[in-house]
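The values are calculated or read from the model by the stated rules, or taken from the named source; none is laboratory data. This structure is a prediction, so every number in the text was calculated from the model and none was measured. Because the Cβ atoms are built from the backbone with ideal geometry, glycine has one as well, and the counts that use them run over all protein chains shown.
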Amino acid sequence: MSVPIVLVHGLRVSGSMWRPQVEMLRERGRRVVALDLPGHGGRRGEGFTLGSAVDAVAGAVDEVGGRALVVGLSLGGFVSIATAAAFPGRVAGLVAASCTARPVQSLTHMYRVPTVLLDRLPDKGQAVNERFHRLMLPDEGAEAVLDGGLAMEAARAVIDEIAEMDVLGSLRAYPGPVWLINGARDHFRIHEKRFLDACGDGRLLNVPRAGHMVSLDQPENFTKIVSDAADVVSVREARGSDGSSRLGPGAVREADSAS
């Protein structure tokens, strides 16, 4: 039986961003859930902390049976890594996308500045962000993102929380299989080799012609990677911990853009 899949969204957006993956994975018979993190989507108004976000992911894993492949993008990638470190028994495998940049102070400062500027706008930058998503994403991808709303007010708390995270230490603490996925054009690739080195059982895949929102830039390709990861994890679950993936630990490759 295939391991369930839990999908964790990025900053300001919600579980609706995973609509293409949810539809395609369910067509393939996968059990999949896309949650909303605190302060986002259906949970807007709640305070965001890394701890509450980890608890939300762990709760979603419990809802699908207590053990799952956890897939996160950007903020969701950081939260998924923290969840894997905190609850390795619940995370059968980890797919961390668009998050291979250490959240050190110099980097997070780059994100605090535009957040402060957007907060000064009457709509907190809502219109700017909507235009950005419509410009950068295919029509279906933009609609998937925007249908869940944009939690502009969540950005400051998220940035402050993630800035304090020891992401490499969390990766080192997780013993299970890890897939690090980046769009080839993503600025968040800057520390990808350090992230790979921190994984005890990791592999790094770069998706051609994709940017930061790799799951929406290349939805079929990204879904295939997730589906293949679920197959690997399911085989390992069936065999115990002795199974091995087709792409061995420490491997680096480009993902074929044709699914």
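Structure summary
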{"read-out": "Unmet requirement for residue 68, which otherwise passes all of (1) more than 12 Å from the chain's Cα centre (by Cα); (2) under 26 Å from residue 137 (Cβ atoms); (3) surrounded by 24 or more Cβ atoms within 10 Å (Cβ to Cβ)", "value": "(2)"}
{"read-out": "Scan of the stretch 81-91 for residues that are in contact with a helix residue (DSSP H, G or I) (Cβ under 8 Å, 6 or more places away or on another chain) and surrounded by fewer than 24 Cβ atoms within 10 Å (Cβ to Cβ), ordered by number", "value": "85, 86, 87, 88, 90"}
{"read-out": "Every residue from the stretch 1-23 that is in contact with an Asp or Glu (Cβ under 8 Å, 6 or more places away or on another chain) and closer than 18 Å to residue 232 by Cα", "value": "2, 3"}
{"read-out": "Residue 142 vs. criteria of a type in the set (A, V, I, L, M), crowded, with 22+ Cβ neighbours inside 10 Å and over 23 Å from residue 91 (Cβ atoms)", "value": "no"}
{"read-out": "Residues satisfying the stated conditions in the stretch 7-48, i.e. closer than 13 Å to residue 216 by Cα and at pLDDT below 95", "value": "none"}
{"read-out": "Meets criteria (of a type in the set (Ser, Thr, Tyr), surrounded by fewer than 19 Cβ atoms within 10 Å (Cβ to Cβ) and assigned to a helix (DSSP H, G or I)) for residue 52", "value": "yes"}
{"read-out": "Every residue from the stretch 14-52 that is touching a strand residue (DSSP E or B) at 6+ places or on another chain (Cβ under 9 Å) and β-branched (Val, Ile, Thr)", "value": "22, 32, 33"}
{"read-out": "Complete set of residues in the stretch 198-217 that are closer than 15 Å to residue 228 by Cα and of a type in the set (Gly, Ala, Ser)", "value": "202, 215"}
{"read-out": "Matching residues in the stretch 199-211 - criterion: being assigned to a loop (DSSP other than H, G, I, E, B) and surrounded by fewer than 21 Cβ atoms within 10 Å (Cβ to Cβ)", "value": "200, 201, 208, 209, 211"}
{"read-out": "Any hit, the stretch 108-121, residues being modelled with pLDDT under 60, assigned to a loop (DSSP other than H, G, I, E, B) and out of contact with any Gly (no Cβ under 9 Å at 6 or more places or on another chain)", "value": "yes"}
{"read-out": "Flag for residue 182 being within 15 Å of residue 97 (Cβ to Cβ) and either of a type in the set (Ser, Thr, Tyr) or surrounded by fewer than 23 Cβ atoms within 10 Å (Cβ to Cβ) (or both)", "value": "no"}
{"read-out": "Matching option when the condition is in a strand (DSSP E or B), free of Cβ contacts under 8 Å to residues at least 40 places away in the same chain, at negative phi and surrounded by fewer than 24 Cβ atoms within 10 Å (Cβ to Cβ), among 33, 22", "value": "33"}
